[in-house]
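Note sheet for the following structure.
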Amino acid sequence: MKKTTFIFASVSAVVLAGCATFAGDDYQKMTKDMLNQSFETKGIAKHERLNQDGLQAACSEAEMTGKDLDATLRKRLEQEQLATIKMPSDGKYLGDWTKAEKIAQSGVGMAWNNKSDTVNGGNCYACHQMTKKEISFGNLGPSLYHYGKLRGNSEEVVKYTWGKLYNAKAYNACSNMPRFGHLNGLTETQIKDMTAFLLDPKSPVNQ
Ligand code: HEC
């Protein structure tokens, strides 16, 4: 079960996307009202979670109208997201890959019954293949098996990988991948461990 929990899934985007064919203004308002009334603050899951930021609103709009984001707007949104990325405080991008399998497997975190100090997982397998050994994985995202083997670990690749994990929408505005660093889903140490998992030649990702 743990792998099927999409801890960061954007509730409103998913529900509203289902209504694309009836996307009149009234219908959209009704759906929003319904969401607002049915989602209650419970534990650490506050009602404010329903408030979309500008990027989410623009992506929901694009999804509902079936019109892709305008190129200029997309560029501006991605640049804003890029500006949120904090590089590791000590300049070291690569952590301990042996700790990352656990993070990739775990969908725990940010649920109403978690505590604010619960250690979150990244739930990567829910969307990605990563290693050969794990045969249960989702395919919403591309396979990451042999990620480092295929790309090497030049400075550019290391920084991109870090940035993608920190804020996936900086490189693809309406990406479905959670913004792990930006939304405090994973800690700096966890992102380091995950970056090493993807890039270290000894990691099972690259076997
Ligand atoms: C809810 C689904 C979802 C989850 C969970 C998720 N991803 Fe992704 N990821 C995607 C999608 C979709 C893409 C491709 C679209 C894009 O580039 O944003 C992607 C792209 C990526 C890429 C870029 C691949 C490339 O070829 O450049 C990396 C690296 C990545 N994910 C790593 C991870 C890791 C590590 C985790 C767990 C910490 C994770 N993802 C969790 C959906 C997800």
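Just to confirm a number: summing +1 for Lys and Arg and -1 for Asp and Glu over residues other than residue 192 whose beta-carbon lies under 10 angstrom from that of residue 192, what do you get? Around residue 192, the charge tally is -2. For segment 133-141, 3J(HN,Hα) computed residue by residue from phi via the Karplus equation (6.51, -1.76, 1.60; θ = phi - 60°) reads 5, 7, 9, 10, 7, x, 10, 5, x Hz, glycine and proline entered as x. Within segment 52-96, whose backbone N sits under 12 Å from a point 7 Å along Cα→Cβ of residue 28? Answer for this model: 57-67. Pairs spanning more than 32 Å between alpha-carbon atoms, out of 32/102; 67/99; 133/169; 46/132; 46/92; 32/159: 32/102; 67/99; 46/132; 46/92; 32/159.
Considering only 166, 69, 189, the residue lying farthest towards the positive end of the dipole of the chain is 189, judged by Cα position with unit charges set on Cβ.
Here 174, 127 are placed in order of increasing Cβ neighbour count within 10 Å, fewest first, which gives 174, 127.
Counting only Cβ charges, +1 for Lys and Arg and -1 for Asp and Glu, the dipole size of the chain around its Cα centre is about 580 debye. From the alpha carbon centroid of segment 54-94 to that of segment 121-186 is 16 Å.
Could you work out the local net charge near residue 206, counting Lys and Arg as +1, Asp and Glu as -1, over the other residues with Cβ closer than 12 Å to its Cβ? With Lys, Arg at +1 and Asp, Glu at -1, the neighbours total +3.
For segment 97-206, the spread of Cα positions along the three principal axes, ordered from largest to smallest, is 40, 30, 25 Å. Annotation for segment 145-207: trypsin sites (Lys or Arg not before Pro) lying in DSSP loop with at most 13 further Cβ atoms inside 10 Å of their Cβ are 202.
Taking θ as phi - 60° and the Karplus parameters 6.51, -1.76 and 1.60, the scalar couplings of segment 201-207 work out to x, 7, 5, x, 4, 9, 8 Hz in sequence order, x denoting glycine and proline. Convex hull volume of the C-alpha atoms in the chain, normalised per residue: 132 Å³.
Only the coordinates and a few stated rules stand behind these numbers; no lab work does. Predicted model, so just to flag it, every value in this text is computed and none were measured. Methodologically, a virtual Cβ is constructed for each residue, glycine included, from the backbone with ideal geometry; neighbour enumeration extends over all protein chains shown.
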